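Contents: one structure, followed by commentary.
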């Protein structure tokens, strides 16, 4: 990290000036979020074959978060241990982030994806921008412009079309409820992440959040209860037949470690509302991959509903405020 000397002071004994603020860079934030969306969008397509092979949603979620937590904790502890320093006042937020933004989102999403098409499950989760806007309005008491209310109405209309509510609910009720629960936890991910990275380096926050979520999921689904014959069995993923354990590692490293690191880092450059809109590319990626690799196609009514839902969710955030500078991250070297 470079430092500057106060004006009029020279020599080697000059004290370094305190670090300046980190200036948000919108382009960098968008790029990080695109990477995160691609990685997050692959999770359902990678995880569903493991569930089809015989693992439960809670076991896939436990493997995903647990492996990711071990990898991230080991890497950060070896390379940048200073990022693991946490003040006592920050633990409450980190625990909430780990339980809701990590464990809650992934467990409920996998429950939904195991019972309804991946595309529908991810679309249900991505009603979270509406929940973020409603939180801002009724909890933070910030007045919303009328286009946001129009966007909320469009998103809810599109959601009804995707879930086929107009013709009677034909999708699994538990899957639909799990998808709605994932949306609540996803909104918490954005809101808690935005607040947390203002005081802590994103990598440290993700590492501790993943660790908290991994511990919680391993209590729900202890690894020693997983069926060994299923873990070593072959799964069906499009034209490939990888072992289930390969899918678990892939969903942990690609769809979790890289996804959460890039997504949380983007919140240093983008407000939560704007980030939640750009992340709407994730359901498009997930739906496309599910169609190509799993043969899950949506009806034309659901496709139209998805377009209305995503358009409404984007409209909700068109007037989101600009991100303010936050404190500079901790030094690269210890």
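Bear in mind that the values in this text are calculations on the coordinates, not laboratory data. Nothing here was measured: the structure is a model prediction, and the numbers come from that model. Quick reminder, even Gly has a Cβ in these numbers, built from the backbone with ideal geometry, and neighbours come from all protein chains shown.
Could you work out how much longer the chain between residue 160 and residue 291 gets when fully extended? Use 0.36 nm per residue separation minus the Cα distance between them, nm to one decimal.
Separation in residues times 0.36 nm, less the Cα-Cα distance, equals 45.0 nm.
Between residue 307 and residue 229, with labels modelled 7 Å along Cα→Cβ, what's the label distance in nm to one decimal, could you check?
The answer from the label model is 4.8 nm.
Obtain the nm distance between the two label points defined at residue 86 and residue 173 by a simple spin-label model: each point lies 7 Å from its Cα along the Cα-to-C-beta direction.
3.8
Set the Förster distance to 25 Å, then compute FRET efficiency between residue 146 and residue 300 from the Cβ-Cβ distance, nearest 0.05.
Working: r = 30 Å, r/R0 = 1.22.
For R0 = 25 Å, the calculated efficiency reads 0.25.
If packing is taken as the average count of other Cβ atoms within 10 Å, what order do 219-226, 201-208 fall into, highest mean first? Intermediate values should be presented prior to the final figure.
On the way: 219-226: 12.5, 201-208: 25.8.
Averaged packing, sorted descending, gives the order 201-208, 219-226.
What distance in nm lies between label points placed 7 Å from Cα along the C-beta direction at residue 28 and residue 246?
Spacing of the two 7 Å Cα→Cβ label points: 3.7 nm.
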